[in-house]
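A quick write-up on the structure given underneath.
The values are calculated or read from the model by the stated rules, or taken from the named source; none is laboratory data. All figures in this text were calculated on a predicted structure; none of them were measured in a lab. Here the Cβ positions follow ideal geometry from the backbone for every residue, glycine too, while neighbour counts run over all protein chains shown. Ligands, DNA and RNA are excluded from the accessible area calculation, which covers all protein heavy atoms including side chains. Shrake-Rupley method; radii C 1.70, N 1.55, O 1.52, S 1.80 Å.
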Amino acid sequence: MKTVIFLGPPASGKGTQAARFSKMHGFLHFDMGKALREEAAGSSPLAEEIRSYTNAGRLVPNEAVRRLIQLMFAVNKERDIILDGFPRSMEQVGLLERLMAEAGRDLTAAVLVSLPESEIARRILNRRVCPVCGRVYNLVTMPPDSDEKCDDDGSPLEHRADDTEDVLNERLAVYKEQTQPIIGHYDSAGLLARVDGTAGVDDIGKQIEEVVFKA
Ligand code: AMP
């Protein structure tokens, strides 16, 4: 069973690549940001607490994250898995190591999709999401066929609550301070593969296939 981490700054395209890869190769795509947004959709105190972090662009406390990962490993024992958006800090690297050992899994690779900062803001501010099926579009680089409607189900596309300039700055700061250090960790463990996020979707996809299937 393979377990692959997809890493990268906000809007690097790692989510698009994870969705593409999992569809083509039958991996489970576990998107931590999406799982947290689903948890945050209700009106429980936990949902409100999660929202206070996601809407501010800060990392949700590890306890909420740990439960989601543990449950996901427990119900997908026999599946290959892509972890998209987890881990995002050195503490979460340790947490993942413990949970993977419990689940009897070894890490196959950590794929870093890199993108220059100038490109990040342009992509984020143009990102739109289908509220019904979750498909992600970009009005500049991956627009829907008809004006701001989902190609799959026709729903009007939405702007994510945290895809604003203010929250983006906080998310970038969190990425630099907390997530970037984990790149060095996987690099020294010989598990890191870098792909260029400015290349075309299919090109990047091919680079990732090479990494995952040769590992
Ligand atoms: P994303 O959809 O990956 O851009 O994530 C959206 C938001 O969810 C982030 O800004 C964080 O508030 C939260 N989040 C996503 N992944 C994690 C994680 N691994 N740990 C804590 N919070 C996270």
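Summary table
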| item | result |
| --- | --- |
| Residue in region 67-76 that is touching a residue at least 40 places away in the same chain (Cβ under 8 Å) and either over 27 Å from residue 180 (Cβ atoms) or in contact with a Leu (Cβ under 9 Å, 6 or more places away or on another chain) (or both) present | yes |
| Close pairs (8 angstrom Cβ cut-off, 6 or more residues apart or separate chains): part of a loop (DSSP other than H, G, I, E, B) in region 148-162, among the polar types (S, T, N, Q) anywhere | 161/54; 161/55; 162/54; 162/55 |
| 3 or more residues more than 10 Å from the ligand (Cβ to nearest atom) and under 17 Å from the mean Cα position of the chain (by Cα): qualifying helices (runs of 4 or more DSSP H) within region 8-55 | 14-25 |
| Any hit, region 136-144, residues being under 19 Å from residue 38 (Cα atoms), open to solvent by 10 Å² or more (accessible area, probe 1.4 Å) and within 15 Å of the ligand (Cβ to nearest atom) | yes |
| Pairs with Cβ under 6 Å, 6+ apart, first in region 53-65 and free of Cβ contacts under 8 Å to residues at least 60 places away in the same chain and under 13 Å from residue 39 (Cα atoms), second open to solvent by 40 Å² or more (accessible area, probe 1.4 Å) and within 6 Å of the ligand (Cβ to nearest atom) | 60/53 |
| Selection from region 157-172 of residues that are within 23 Å of residue 58 (Cα to Cα) and more than 11 Å from the ligand (Cβ to nearest atom) | 158, 159, 164, 165, 166, 169 |
| Boolean, residue 1 is open to solvent by 50 Å² or more (accessible area, probe 1.4 Å), at pLDDT below 95 and of a type in the set (A, V, I, L, M, F, W, C) | yes |
| Filter result (open to solvent by 60 Å² or more (accessible area, probe 1.4 Å) and within 7 Å of the ligand (Cβ to nearest atom)) within region 56-67 | 58 |
| Failed item in (1) closer than 20 Å to residue 169 by Cα; (2) surrounded by 14 or more Cβ atoms within 10 Å (Cβ to Cβ), with residue 52 passing the rest | (2) |
| Residue in region 111-123 that is in contact with a strand residue (DSSP E or B) (Cβ under 8 Å, 6 or more places away or on another chain) and basic (Lys, Arg) present | yes |
| Scan of region 163-199 for residues that are part of a loop (DSSP other than H, G, I, E, B) and open to solvent by 40 Å² or more (accessible area, probe 1.4 Å), ordered by number | 164, 189, 190, 191, 198 |
| Residues of region 70-106 classified as among the aromatic types (Phe, Trp, Tyr) and either within 14 Å of the ligand (Cβ to nearest atom) or open to solvent by 90 Å² or more (accessible area, probe 1.4 Å) (or both), total | 1 |
| Matching option when the condition is over 21 Å from residue 16 (Cβ atoms) and out of contact with any strand residue (DSSP E or B) (no Cβ under 6 Å at 6 or more places or on another chain), among 151, 106 | 106 |
| Those helices (runs of 4 or more DSSP H) lying entirely in region 57-145 with at least 3 residues under 19 Å from residue 8 (Cα atoms) | 90-103, 117-125 |
